[in-house]
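Visitor: Pasting a structure below so you can have a look.
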Amino acid sequence: MLNLPKLPLAKGINAFVNWLTQFEGFFQGVTNFLNAIINAFQWVFDLLPEWLFVALIMAVTFYLNRHKQKWSLLILELIGFWYIANQGYWRDMTQTLTLVLTSSLIAIVIGIPLGIWMAKSNRVRTIVNPILDFMQTMPAFVYLIPAVAFFGIGMAPGVVASVIFAMPPTVRMTNLGIRQVPHDLIEATDSFGSTSWQTLTQVQLPLAKSTIMAGVNQSMMLSLSMVVIASMIGAMGLGTKVYFAVGRNDAGSGFTAGFAIVILAIILDRVTQSLNQQKKK
């Protein structure tokens, strides 16, 4: 190997992070904003009795699957929520759900417009694609370092790390869905004098809705996969139970909490898939 001098990449990144910390007011404002969303979700979950929460989830599931007569998901939800409550993980489950919903909401609000922009501009797609590759392939633990430096300890930095890790599928699938809309339909709407906004909202987005929802589903699952990692920087929930079990070498507690995460993941996945299939009709 050539005896080349070592690039000062680490020092450069540290200098950049240290420079960004001077904008403490901005990051504190973002933290307060995220905490407001988190507290709103958690307030609703704490307000609802367990039986009413389960009843609402099952009612939504039944409505989304009313034409299929699928009872297996309803039975799974009933048994799964009973297991979570029986093991004393109910509040941990709602905290995890708060983290996932907050991360997914932000990923959707940012990701879908960015995906639309990518679909409209090849130059933007050329610039954004490598960034998305970086976001998806960088080990998730690395995101914890700047998240703590900028946002401190708690749920807010966990949400930030989860959004960075989970947003790419929403962006990519939105871009893909819009680009897959047949060009003859676009030309037809143009010939009738439709504006770009009308074409987007009345033709492209409705036809791409199934693909976009698939991306939203993937982002939600990736957000859920971050709960254990986010627990290392103070994000509460089921991930904390797993993290503590690892520290105590307590396999039993780790598996029971992990099984609760699996149940929540299956329920979220099936419900979002049902929502996607509902929107196809």
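Every number in this text was worked out from the coordinates using simple rules, so none of it is lab data. As the structure is a computational prediction, the values presented were derived from the model and not from experiment. Using ideal geometry, Cβ is built from the backbone for each residue, glycine included, and neighbour counts are taken over all protein chains shown.
Visitor: On a full-extension model of 0.36 nm per residue, what is the gain between ILE131 and VAL262, subtracting their alpha-carbon distance, rounded to one decimal in nm?
Guide: Working: separation 131, 0.36 × 131 = 47.16 nm, distance 2.99 nm.
In short, 44.2 nm is gained.
Visitor: What does the charge add up to near ILE261, with Lys and Arg as +1, Asp and Glu as -1, over the other residues with Cβ less than 11 Å from its Cβ?
Guide: 0
Visitor: Hey, another quick one. As an exercise, use a Förster radius of 51 Å and the Cβ-Cβ distance of LYS120 and ALA55 to find the FRET efficiency, rounded to the nearest 0.05.
Guide: So, using R0 = 51 Å, E works out to roughly 0.75.
Visitor: Further question on the same structure: Enumerate the aspartates and glutamates that LYS120 could reach by cross-link, defined here as Cα to Cα under 19 Å, with residues fewer than 8 away along the same chain left out.
Guide: Cross-link targets: ASP184, GLU187, ASP190.
Visitor: Efficiency by 1/(1 + (r/R0)^6): what FRET value for ASN249 and ILE75, r their Cβ-Cβ distance, R0 = 35 Å, to the nearest 0.05? Please report the intermediate quantities before stating the final value.
Guide: Details: r = 35 Å, r/R0 = 0.99.
Efficiency, from the Cβ-Cβ distance: 0.50.
Visitor: Would you work out the relative contact order for the chain, in percent, from Cα pairs under 8 angstrom that are 6 or more residues apart?
Guide: Numbers: 300 pairs, mean separation 67.1, N = 281.
Result for the chain is 24 percent.
Visitor: Stretch LYS209-TRP197 to full length: gain in nm at 0.36 nm per residue minus the Cα-Cα span? Walk me through the numbers before you get to the answer.
Guide: Numbers: separation 12, 0.36 × 12 = 4.32 nm, distance 1.61 nm.
This chain segment gains 2.7 nm when fully extended.
Visitor: Another one. Using r as the Cβ-Cβ distance of TYR63 and LEU20, and R0 as 45 Å, what FRET efficiency do you calculate, to the nearest 0.05?
Guide: 0.45
Visitor: Report, in order of residue number, the helices in the chain meeting two criteria: a C-alpha extent of 27 Å or more along the helix axis, and a mean Kyte-Doolittle hydropathy of at least 1.0; treat each whole DSSP H run as one helix.
Guide: 90-120
Visitor: Once you list every other residue whose beta carbon is under 15 Å from the beta carbon of ILE84, what net charge do they have if Lys and Arg are +1 and Asp and Glu are -1?
Guide: Combined, the nearby Lys, Arg, Asp and Glu give -1.
Visitor: In terms of modelled amide H atoms, which long-range or inter-chain residues lie less than 5 Å from the amide H of ALA235?
Guide: The answer is GLY154.
Visitor: So, one more: Given [x] 192; [y] 128; [z] 248 as candidate values of volume of the Cα convex hull per residue in Å³, which corresponds to the one derived from the coordinates?
Guide: [x]
Visitor: Using 7 Å Cα-to-Cβ label points, what is the ALA36/VAL109 separation (nm, one decimal)?
Guide: The modelled label-to-label distance comes out at 0.9 nm.
Visitor: Calculated from DSSP H runs of 4 or more alone, at -39500 (n - 2.57) each and per residue, what is the 222 nm mean residue ellipticity of the chain, nearest 500?
Guide: Calculated from helices alone, the mean residue ellipticity at 222 nm is -26500 deg cm²/dmol.
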